[in-house]
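This report concerns only the one structure given below.
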Amino acid sequence: MARRELDLLLGGAQGAGLDTSANVLTTAFARLGYGITSDREYFSNIKGRHSYVHARISTTEIPQALTYPVQVVGAMDAETIFTHHGNLEDGGYLIFDKSTSDRRPSSISSIEPDLMRRLENTFAELKIDGTIASLVEFLGEVRKVKLVELSYPDILAEVTKKFKLRAAYASRYISSILVGAVAGLVNLDGKSVRYGLERRFAGRPEVIEQNSFVADYVSDAVKGKYGSPHELGRSQLGCDELMVASGNDVVAMAKIVGGMRYQSYYPITPAADESFFLESSERLEVNGESLGSVIVIQTEDEIAAINSVIGAALTGARSATATSGPGFSLMVEGLGWAGINEVPLVVTYYQRGGPSTGQPTRGTQSDLLFALSASHGEFPKIVLSSGDHSEAFYDAIEAFNLAEKYQTPVIHLLDKFLANSIATLHVPKLSALKIERGKIAYNPPRDYKRFDLNDTISPRAFLGSKVVTWYTGDEHDEAGHVNEDPLNRVKMYDKRMKKLEIADREIPPEKRAVYFGPEDADFLAIGWGFVKGVVLDALKELSNQGLKGAYLHLKMFSPFPSDYVRSVIERFDPERVIIVEHDYLAQAGMVLTLNTGIVIEKAITKYTGRPMYTRELIAAIRRVINGEKRVVLSYGE
């Protein structure tokens, strides 16, 4: 019987082609109309350390979250087996290179010492000698795992022989061994695999041919020996078109659609990929007709990045910068300058593990309080967040609208999980998009005052227009001249801060917080950002088990939708309201308390740098409902 869903994990050394395997398979599955979500986890290392891709494929929906155990583990190397054998379900399929049978953890220098100690304890408990051979024997005999044993060297020798390649190039094709093995197990047709390879290696026909040969060769061998035990049924998504993109790419595309014309950046994980995508799309053409260009500049540091964005915004260009925690730390003085001068700019902020360098390639939601209070003094800023790829697309455009409408910095909070996950999503409805540029003085009078006190949000005249404008980091008068008079200070201060009051009145509550679930739910989970998917997935499973839950998804933290959030929470027993976050302090709960006066005493948090998974969250929700105040999650390698 064909499957409706499949969970799989592919692992290997960083830089060994794992991204290629994941991208080819994701594209192939998407071509057949399947919903896919995949997360890439990797060390802060260019090449050599262990990385893996964890994915879920569905015939009925676009998956909202990932879970363990998986049905298939595909191992490029021995370290993947040592690291992830526990993530494979009993009776699952392990794809591995049988030529690595004599490898032991002690022979792999990249294995973390903590993992090494856990493995030694595991081997002692299982009474095995610690080689790959002994471990897979245990998996096969005791846990009934099906061992897809392949000789990678023999397969590479075949492609080397057929295409008369140098032996040194052979290892480049290991990625297609995994593609072929997975294709065989799920009966993925060769045309779709070929399509995935063509998308990955466009313009390199010889590389496409060689990888197609390897994938087909392995797929046929696997099907011949094992059949296709995980064959997926036909897609039931019922849509004509799907996009496949990472979170970085989705935001970059949205910025182009939203009319951004300048982006600066300094390379930093995980934000840089967004700017790299933009650099590949700097000249915009449709059917040979130029639509202008996006200027993307790599500056010497993050201070220069935000300062150049300020300059571009003052000329009237929609402008943004993309960064992560350490970079944003350097930007905050410039952010304050933008605040006092009412400059509309967007900071796309991808959170990663901190403090300091922290965990450069791992995810978190621990920068919320920092974003809300960034830079000294008080000035209005809008802080919004996105929970999935589709939200990120529309929110990236909305961020520009809000920045220009209210003439204030906007911080768009995302995280590593969304940035580095690849997902299928419905093609955005461009007809539903609206561009709002706010008040602009296209023909300013000779006595134009940039900070006119007659209007809380005064019309902008761009640098280069027919009037002279003054900007300074000091307090200023209506014209922009330095002015420290106390009465002027109060007037200018009030002018700036009242923008948040206006925004609070004008931005609909449903754009700032979204309620999911039945009105008569038994409990309420509250979260934001990337926890959206896993909470909704957990609630669906719990509902099937007879426990009805609801989710309040917070999207905007400044201005905070206080009245709406309070009205939702007050419908529930306080003992059944739970904050769910990727941080230690449950920071969204703290912001909620500050704005509503309601104290949420129960929390589920995770700060390992790995995402929450459905099964661990379900178990944690049950523990909290049964009386525990706080549950800290830690599953995942």
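The values are calculated or read from the model by the stated rules, or taken from the named source; none is laboratory data. Everything quoted here is computed from the prediction, not taken from an experiment. Note that each Cβ is placed from the backbone with ideal geometry, even for glycine, and that neighbours are counted across all protein chains shown.
Would you check if there is a residue in the stretch 340-362 being part of a helix (DSSP H, G or I) and crowded, with 23+ Cβ neighbours inside 10 Å?
Checking the stretch 340-362: not a single residue is part of a helix (DSSP H, G or I) and crowded, with 23+ Cβ neighbours inside 10 Å.
Residues that are within 19 Å of residue 416 (Cβ to Cβ) and of a type in the set (Ser, Thr, Tyr): list the strands (runs of 3 or more DSSP E) wholly contained in the stretch 13-83 that include at least 2 such residues.
Numbers: elements: 35-42, 50-58, 70-75.
Here the list reads 35-42, 50-58.
For residue 99, all conditions in the list (1) surrounded by 16 or more Cβ atoms within 10 Å (Cβ to Cβ); (2) closer than 27 Å to residue 185 by Cβ hold save one; what is the number of the exception?
(1)
Taking the criterion of being in contact (Cβ under 8 Å) with a residue 40 or more places away in the chain, at positive phi and of a type outside the set (Asp, Glu), would at least one residue in the stretch 333-356 satisfy it?
no
Conditions: (1) in contact (Cβ under 8 Å) with a residue 40 or more places away in the chain; (2) among the polar types (S, T, N, Q); (3) closer than 21 Å to residue 153 by Cβ. Residue 107 meets all but one. Number of the miss?
Evaluating residue 107 over (1) in contact (Cβ under 8 Å) with a residue 40 or more places away in the chain; (2) among the polar types (S, T, N, Q); (3) closer than 21 Å to residue 153 by Cβ leaves (1) as the failure.
Those residues that are surrounded by fewer than 16 Cβ atoms within 10 Å (Cβ to Cβ) and of a type outside the set (A, V, I, L, M, F, W, C), I need them from the stretch 123-133; list them, please.
Scanning the stretch 123-133 gives 125, 127, 129.
Residue 202 fails exactly one of the following numbered conditions: (1) in a loop (DSSP other than H, G, I, E, B); (2) crowded, with 16+ Cβ neighbours inside 10 Å; (3) under 26 Å from the mean Cα position of the chain (by Cα). What is the number of that condition?
All conditions pass for residue 202, except number (2).
Would you say residue 424 is in a strand (DSSP E or B), in contact (Cβ under 8 Å) with a residue 60 or more places away in the chain, buried (at least 24 other Cβ atoms within 10 Å of the Cβ) and of a type in the set (S, T, N, Q)?
Criteria met by residue 424.
On the basis of being touching a Leu at 6+ places or on another chain (Cβ under 8 Å), among the aromatic types (Phe, Trp, Tyr) and part of a helix (DSSP H, G or I), does residue 138 make the cut? Explain how you work it out, then say what you get.
Numbers: touching a Leu at 6+ places or on another chain (Cβ under 8 Å): yes; among the aromatic types (Phe, Trp, Tyr): yes; part of a helix (DSSP H, G or I): yes.
Yes.
Out of the residues in the stretch 576-605 that are touching an Asp or Glu at 6+ places or on another chain (Cβ under 8 Å) and either of a type in the set (Lys, Arg) or part of a helix (DSSP H, G or I) (or both), state the one that is surrounded by the fewest Cβ atoms within 10 Å (Cβ to Cβ).
Per the stated criteria, the residue is 576.
Kindly indicate which of 218, 257, 222, 244 is within 17 Å of the chain's Cα centre (by Cα) and either β-branched (Val, Ile, Thr) or assigned by TED's automatic domain parsing to the domain that holds residue 89 (or both).
None of the other options fit; the residue is 244.
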